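The values are calculated or read from the model by the stated rules, or taken from the named source; none is laboratory data. As the structure is a prediction and not an experimental result, all values here were calculated from the model. Backbone-built Cβ (ideal geometry, glycine too); neighbour counts: all protein chains shown. Areas reflect the complete protein model, heavy atoms only, side chains present, ligands, DNA and RNA absent. Shrake-Rupley method; radii C 1.70, N 1.55, O 1.52, S 1.80 Å.
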Amino acid sequence: MHYNPTVFGILAATAATAALSAAGYQSMAPTGQWYGRTFTGLPRGTKQLALTYDDGPNDPHTRRLLEVLAKHNVRATFFLIGRYVQQRPDLAREIVQAGHVVGNHTFTHPLLTFKSAAEIRQELSACRSALEDAIGGSSNLISNLFRPPFGGRRPAVLRIGRELGLEPVMWNVTGYDWTAPPSAVIERKVTNQIRGGNVILLHDGGHHQMGADRSQTIQATDQLIAKYKSEGYEFKTIPEMLP
C-alpha cells in the first residue's frame, strides 16, 4: 500500500482524539472502570436497591428526608461534604443516630480529576476530620466509603483514597435531581433505569451553598420507596450491599 503521510497524519490525529475522548468519558462515567475498580451495584435482577444522597448535610431538607426514610423504615447512605458537616455537625449526628451510613464526599466538592495528589489527599482527609469531629473520632458509625464529586476520577484519585483506607462508591441510576425538577420527573428518570441491584444517586443538598431546595427529591423518595417495596424490593445501605 502506498504510504501517504497526509492521510496517515489525519488517521493518527483522529485516533488520538478518539482516545482522549474515551479517556475523558471514563473519568466521569459513573460505571466506567478504566481507571480502577469502583462499586456501582449488584448484578442486574437482584431484588435490592441502595438509596444514596450526596451534598449534605443540608438544612432543613436533610432532616425532612430522615423523616421520610424513618416512615418507611429504610436505611440509606449519605455522602457528606466536610464544610457543611462543620457548619451543621448536629445534622451529621442525626443521620448516624437514625441508623444511616455516612461517607466522604470531600471537604469542598471539587472536581478531583484536575487536582494534584496533595490536594486530593487534603480534600479527603479534611472531610474525614470534619466527620470525626462531628460524630466522634473513634466512632464506627463513619464508613470507609467515599464518592468523588461529579464522579470525576483518575487513577490517582482512587489510589489516594485507598491509601487513606477509603473505598470508592459510584452509582448506576440517577434521578438527575440536582436542578430540582418536579418530583414526578425525578421518579420517572429513576424508574426508567431500575433493573435490580442498583445504586441510586439523589441529593439532599447542593454543593454551591447550604439551603438548596430538595423538597422535590424528598417527595420522589417517598414515592419510590413505596413503589419498589410493593414490588418486593429491599432497600439496603452500601455496606450491606458490598460483596
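Can you spot a residue in region 166-178 that is of a type in the set (Phe, Trp, Tyr) and on the phi > 0 side of the Ramachandran plot? Looking for residues that are of a type in the set (Phe, Trp, Tyr) and on the phi > 0 side of the Ramachandran plot, one finds at least one in region 166-178, hence yes. Exactly one residue out of Ile120, Ile135, Ile142 is farther than 24 Å from Gln97 by Cα and either touching a Phe, Trp or Tyr at 6+ places or on another chain (Cβ under 6 Å) or in contact (Cβ under 8 Å) with a residue 40 or more places away in the chain (or both): that is Ile120. Once region 97-123 is narrowed to residues that are touching a strand residue (DSSP E or B) at 6+ places or on another chain (Cβ under 6 Å) and either among the basic types (Lys, Arg) or outside any loop (DSSP other than H, G, I, E, B) (or both), the residue that is most open to solvent (accessible area, probe 1.4 Å) is Val101. Answer with yes or no whether Asn104 is within 22 Å of Thr179 (Cβ to Cβ) and in contact with a Gly (Cβ under 9 Å, 6 or more places away or on another chain). Answer is no for this residue. Checking region 77-84 against the condition returns no match, with no residue being open to solvent by 10 Å² or more (accessible area, probe 1.4 Å), closer than 16 Å to Leu201 by Cβ and at pLDDT 95 or above.
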